1. Given the criterion at pLDDT 95 or above and open to solvent by 60 Å² or more (accessible area, probe 1.4 Å), identify the matching residue among A:ARG171, A:ARG186.
2. For the range A:1-43, which residues satisfy the criterion of being assigned to a loop (DSSP other than H, G, I, E, B), farther than 22 Å from A:THR113 by Cβ and within 10 Å of DNA strand C (Cβ to nearest atom)?
3. Any residue at all in the range B:65-80 that's within 14 Å of chain A (Cβ to nearest Cβ), away from DNA strand C (no atom under 15 Å from the Cβ) and among the hydrophobic types (A, V, I, L, M, F, W, C)?
4. I'd like the full set of residues that are of a type outside the set (Gly, Ala, Ser) and either more than 10 Å from DNA strand D (Cβ to nearest atom) or open to solvent by 80 Å² or more (accessible area, probe 1.4 Å) (or both), limited to the range B:27-46.
5. If you go through the range B:100-140, how many residues are hydrophobic (A, V, I, L, M, F, W, C) and out of contact with any Lys or Arg (no Cβ under 7 Å at 6 or more places or on another chain)?
6. Pairs, please: C-beta under 6 Å, at least 6 apart or cross-chain, first residue at the interface with chain A (Cβ under 9 Å from one of its Cβ atoms) and in the range B:190-201, second β-branched (Val, Ile, Thr)?
7. Filter the range A:53-98 for residues that are within 16 Å of the chain's Cα centre (by Cα), part of a loop (DSSP other than H, G, I, E, B) and of a type in the set (Val, Ile, Thr) and give the result.
8. Find all pairs meeting these conditions: Cβ atoms under 7 angstrom apart; at least six residues apart or on different chains; first residue within the range B:52-73 and over 14 Å from B:PRO103 (Cα atoms); second residue hydroxyl-bearing (Ser, Thr, Tyr) and more than 16 Å from DNA strand C (Cβ to nearest atom).
Protein chains: 2
Amino acid sequence: MTTLREHKKQTTRVALQEAALRLALAHGPEQVRVDDIAEAAGVSPRTYNNYFSSREHAIVAAVTAQRGSRIVAAIADRPDDVDLATAVIDAVVGQYTDTGSGPPEAMLMIATTPALRTCYVETVTSIEEPLTEAIAGRGLDRETAEVLAAAVEAAAKVALKRWLHFTGAARGGLVIATGSLPELVRAAIETFRPAFAAAARPR
Amino acid sequence: MTTLREHKKQTTRVALQEAALRLALAHGPEQVRVDDIAEAAGVSPRTYNNYFSSREHAIVAAVTAQRGSRIVAAIADRPDDVDLATAVIDAVVGQYTDTGSGPPEAMLMIATTPALRTCYVETVTSIEEPLTEAIAGRGLDRETAEVLAAAVEAAAKVALKRWLHFTGAARGGLVIATGSLPELVRAAIETFRPAFAAAARPR
DNA sequence: ACGAAAAATTGCGTGCGCGCAAAATTCTGA
DNA sequence: TCAGAATTTTGCGCGCACGCAATTTTTCGT
């Protein structure tokens, strides 16, 4: 087990995330350059892009880091007699509960900054592959698992966009009555329960 | 109807698309810079980015331009007694038939160039909004329509990735038996037929 | 037909993303 | 312990994306 290397990589990755979030919260997200983050993390600017492919990525990653692994764990921990749709929905919804979303100011900043908002929604993509594995692990063939995982991901994105839309609009004083984020996510994914049921039925 | 303006915009947009595709096919996609495309279209480099947000976008747009409007038309042209799922699936699948995909060399270039491949898959996103309208137009509430449209889009992306993966792999001499693109798209979306059925049922 | 309003084009400046090759660091086997 | 292999970090350079403000083009009311 090669350890020193992986450990160091993980360390600088976390250092970059935390530096990025801290600086963004302190000076405003538009005011922090990649060079600032790199310097704060004690690393060269070029190295930043070995870890994150955009300026916003590190900031958002500070909040969304281990989402994928948490979801697979949540699904795996569920007894096998729980039907697949329920297990998946609960697992994904669980990731969008207040707990574990990092400091509350962070989410506000992300919701009110267009570039961060976009990046945040895109990170939902990171659940696709683990979700596929988890679904395939419950006996569905891989092809179907991929499509269902993609659908869940898409539904989560839609829910997220709605929520961010309203949260962002709240800045302008206009607040429309709408569900909480977990409720929105659940309702959206629930649309596919019939598809899960049909896919789980051996044909 | 303000016409001169819109007409001119449409003209330069098309000029940029065609110039981009032509140059990319001629010299290879990596060898053509934004400035080259702009010059070939008789427009300033800065203007290029008023029309397309990335270097690859114009090239891909030359092939995918009016996909959204074609899909809504295809759905609208279907008699109302055809069930929604069928109408949507046929409409989307119809867009991935050989016809209308532009010159065949173009698709090969896109399939074998990573940056273009990524961009091409992303353009599927452009069907989301029109698809939402079309579905909502058939009597489903907007919320559900959005989620279903997103799922269809996601399924199409998965199918596209599979197809591109194999097409790309064919370069390396490894060809795995797999369906044609339309068949892949159809099979993927078919997964959601139950969800469409359940959503169409008034509750 | 003309002048003001609206909108598109353009040049400029800045920061970003990344390929490449050299330098530094870490790992492996003897 | 140490030399060579493997991997990571870094500096450099290029082209891209885009905000901004000035300029040019198109539209519209009279």
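The values are calculated or read from the model by the stated rules, or taken from the named source; none is laboratory data. If you're wondering where the values come from, they're calculated on a predicted model, not measured in any experiment. All Cβ positions, even for glycine, are placed from backbone atoms using ideal geometry, and neighbour counts span all protein chains on display. For the accessible areas, the whole protein counts, side chains as well, though only heavy atoms, and no ligand, DNA or RNA atoms are used. Shrake-Rupley method; radii C 1.70, N 1.55, O 1.52, S 1.80 Å.
1. A:ARG186
2. If the condition is that a residue be assigned to a loop (DSSP other than H, G, I, E, B), farther than 22 Å from A:THR113 by Cβ and within 10 Å of DNA strand C (Cβ to nearest atom), then A:MET1, A:THR2, A:THR3 are the ones that fit.
3. Looking through the range B:65-80, none of the residues is within 14 Å of chain A (Cβ to nearest Cβ), away from DNA strand C (no atom under 15 Å from the Cβ) and among the hydrophobic types (A, V, I, L, M, F, W, C).
4. Hits for the range B:27-46 are B:HIS27, B:PRO29, B:GLU30, B:GLN31, B:ARG33, B:ASP35, B:GLU39, B:VAL43, B:ARG46.
5. Here the count works out to 11.
6. Sorted first by the residue in the range B:190-201, then by its partner, the pairs are B:THR191/A:VAL147; B:ALA195/A:THR191; B:ALA199/B:THR144.
7. The one that is within 16 Å of the chain's Cα centre (by Cα), part of a loop (DSSP other than H, G, I, E, B) and of a type in the set (Val, Ile, Thr): A:THR97.
8. From the range B:52-73, the pairs are B:ARG67/B:SER126; B:GLY68/B:SER126.
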